[in-house]
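A quick write-up on the structure given underneath.
The values are calculated or read from the model by the stated rules, or taken from the named source; none is laboratory data. Everything quoted here is computed from the prediction, not taken from an experiment. Don't worry about glycine lacking a Cβ; one is built from the backbone with ideal geometry, like all the others, and counts go over all protein chains shown.
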Amino acid sequence: MSDFFTEAILIATFASGVRLAVPLLLASLGETFGQRSGVLNLGVDGIMLLGAFGGYYTVLKTGNVWYGLIAGIGIGVLFGLLSALISVTLLAEQGISGIGVYLFGLGMSDLLFLKLVGTPTPISKFPKLDIPGLSDIPWLGGMFFQHSVIVYLAFALVPLSTFVINRTTFGMRIRSVGENPEAADSLGVSVAGVRWATVTIGGTLAGVAGATLAIDLGIFQQNLTNAQGFIAIALVYFGAWRPIGVMLGSLLYGFVNALVLQLKTLEVIPPDLSNFAAMAPAIITILALVIVARRFRQPTALTKPFTRGT
């Protein structure tokens, strides 16, 4: 255990925690927009899986990680639009329709992988970009400022999302539609339009999260996300539907996951307990969710379909 408390191991563990938090952060930020407008999308994990395979396969064939990221964006937009059509326009029950999208993503990503690739094949990863000056700071530099561009962009989305939700007209419409869609509609706000936009944003970021996960790992395998999409949905509740709270929850999950992986590598955790240890990040996240989420009220219209004139 003493080997863990060395500078190199501690820095590597915290840096890994930041990196592992990124896919969750991206997916949960996107889901925050949707839920603030009243739409719960349980299909996040399925969209992440499709984005992961699309990003992986594109990089495998082109060798360009940025093309892979673009593929993830495209897949996310497509399935975000599909989710909006099902939940907003067709008024399907949000929980059931979301599970349908998840199952489709799980099955289709597995099928495409088996038919087009077959065997896990390594691909290029995102190049690391050290921030000049900041990356040289003892301890902090190695933890936070020696990552790929996508890591910095993901965390930059937190203040941007906060500004959009709290300081813009679009954000005001999102909040009003999520709290009282009837009142928003009476004031001329297009409830369906706002919800289409937010669900598409959520789908887009879920696709990016999946592509980021696959490219960062440099590999794809069946069920690569391991239910991270559902953890991302839980983190929205944990973060009280606020981007900063979502970021803190993502970092908590990432750091616990990195700690468990590091302790397993150092053989501090016995092999026969490794499966139980692997559940620790999810268990801690759920416990934190139970404690924190009870103190905050969810958007009033969450999961409630809206039809004009009813």
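More than 20 Å from the chain's Cα centre (by Cα), more than 21 Å from LEU29 (Cα to Cα) and not aromatic (Phe, Trp, Tyr), is that true of LEU103?
So LEU103 fails the test.
Would you be able to say whether some residue in segment 193-208 is charged (D, E, K, R) and closer than 23 Å to GLY17 by Cβ? Break it down stepwise before answering.
Step one: of segment 193-208, the residues charged (D, E, K, R) are 195.
Checking which are closer than 23 Å to GLY17 by Cβ leaves us with none.
Within segment 193-208, none of the residues are charged (D, E, K, R) and closer than 23 Å to GLY17 by Cβ.
Determine whether segment 37-56 contains at least one residue that is closer than 16 Å to GLY245 by Cα, small (Gly, Ala, Ser), buried (at least 24 other Cβ atoms within 10 Å of the Cβ) and modelled with pLDDT of 95 or more. Break it down stepwise before answering.
Filtering segment 37-56 down to residues closer than 16 Å to GLY245 by Cα leaves none.
No.
Give me the helices (runs of 4 or more DSSP H) completely within segment 99-200, filtered to those with at least 2 residues that are in contact (Cβ under 8 Å) with a residue 12 or more places away in the chain and polar (S, T, N, Q), ordered by residue number. Even if it seems obvious, please write down each step before you answer.
Values: elements: 140-144, 149-167, 169-179, 181-186.
Where helices (runs of 4 or more DSSP H) fall fully within segment 99-200 and carry at least 2 residues being in contact (Cβ under 8 Å) with a residue 12 or more places away in the chain and polar (S, T, N, Q), they are 149-167.
Determine whether segment 293-306 contains at least one residue that is at pLDDT 70 or above, assigned to a helix (DSSP H, G or I) and surrounded by fewer than 19 Cβ atoms within 10 Å (Cβ to Cβ). Give the derivation first.
First pass over segment 293-306, keeping only residues at pLDDT 70 or above: 295-306.
With the extra rule that they be assigned to a helix (DSSP H, G or I), the set shrinks to none.
Within segment 293-306 (the criterion being at pLDDT 70 or above, assigned to a helix (DSSP H, G or I) and surrounded by fewer than 19 Cβ atoms within 10 Å (Cβ to Cβ)), the answer is no, since none of the residues qualifies.
Within the set of pairs 6+ apart or on separate chains, which have a first residue in segment 1-27 that is over 18 Å from LEU129 (Cβ atoms) and among the aliphatic types (A, V, I, L, M), a second that is modelled with pLDDT under 85 and part of a helix (DSSP H, G or I), and C-beta atoms under 7 Å apart?
Listed by first residue and then by second, the contacts come to ILE9/ASP3; ILE9/GLN262.
Looking at LYS128, LYS115 in this structure, which one is under 23 Å from ILE9 (Cβ atoms) and either among the basic types (Lys, Arg) or modelled with pLDDT under 95 (or both)? Show your work before the answer.
On the way: LYS115 fails: under 23 Å from ILE9 (Cβ atoms).
Step by step, each of LYS128, LYS115 is checked, and only LYS128 is under 23 Å from ILE9 (Cβ atoms) and either among the basic types (Lys, Arg) or modelled with pLDDT under 95 (or both).
Here's the yes/no breakdown for (1) buried (at least 17 other Cβ atoms within 10 Å of the Cβ); (2) charged (D, E, K, R):
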{"site": "PHE163", "(1), (2)": "no, no"}
{"site": "PHE170", "(1), (2)": "no, no"}
{"site": "ARG173", "(1), (2)": "yes, yes"}
{"site": "ARG195", "(1), (2)": "yes, yes"}
{"site": "ILE201", "(1), (2)": "yes, no"}
{"site": "GLY210", "(1), (2)": "yes, no"}
{"site": "ALA214", "(1), (2)": "yes, no"}
{"site": "PHE220", "(1), (2)": "yes, no"}
{"site": "ASN223", "(1), (2)": "no, no"}
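Assess whether ALA232 counts as being part of a helix (DSSP H, G or I), more than 18 Å from GLY95 (Cα to Cα) and either within 12 Å of the chain's Cα centre (by Cα) or in contact (Cβ under 8 Å) with a residue 24 or more places away in the chain (or both). Give the derivation first.
Working: part of a helix (DSSP H, G or I): yes; more than 18 Å from GLY95 (Cα to Cα): no; either within 12 Å of the chain's Cα centre (by Cα) or in contact (Cβ under 8 Å) with a residue 24 or more places away in the chain (or both): yes.
The answer is no for ALA232.
Going through segment 57-83 one residue at a time, which ones are assigned to a loop (DSSP other than H, G, I, E, B) and either crowded, with 24+ Cβ neighbours inside 10 Å or among the small types (Gly, Ala, Ser) (or both)? Steps first, please.
So the first thing to find is which residues in segment 57-83 are assigned to a loop (DSSP other than H, G, I, E, B), and the list is 63-64.
Of everything in segment 57-83, just one residue is assigned to a loop (DSSP other than H, G, I, E, B) and either crowded, with 24+ Cβ neighbours inside 10 Å or among the small types (Gly, Ala, Ser) (or both), namely GLY63.
Tell me, yes or no, whether segment 90-111 has at least one residue that is of a type in the set (A, V, I, L, M, F, W, C), out of contact with any Cys (no Cβ under 7 Å at 6 or more places or on another chain), surrounded by fewer than 14 Cβ atoms within 10 Å (Cβ to Cβ) and closer than 16 Å to GLY54 by Cβ. Break it down into steps so the answer makes sense when it comes.
In the first step, residues of segment 90-111 are kept if they are of a type in the set (A, V, I, L, M, F, W, C); the result is 90-92, 96, 99, 101, 103-104, 106, 108, 111.
Among the residues that remain, those that are also out of contact with any Cys (no Cβ under 7 Å at 6 or more places or on another chain) are: 90-92, 96, 99, 101, 103-104, 106, 108, 111.
Filter again for surrounded by fewer than 14 Cβ atoms within 10 Å (Cβ to Cβ), leaving 90-91, 96, 103, 111.
Right, trim to closer than 16 Å to GLY54 by Cβ and you get 111.
Yes: one or more hits.
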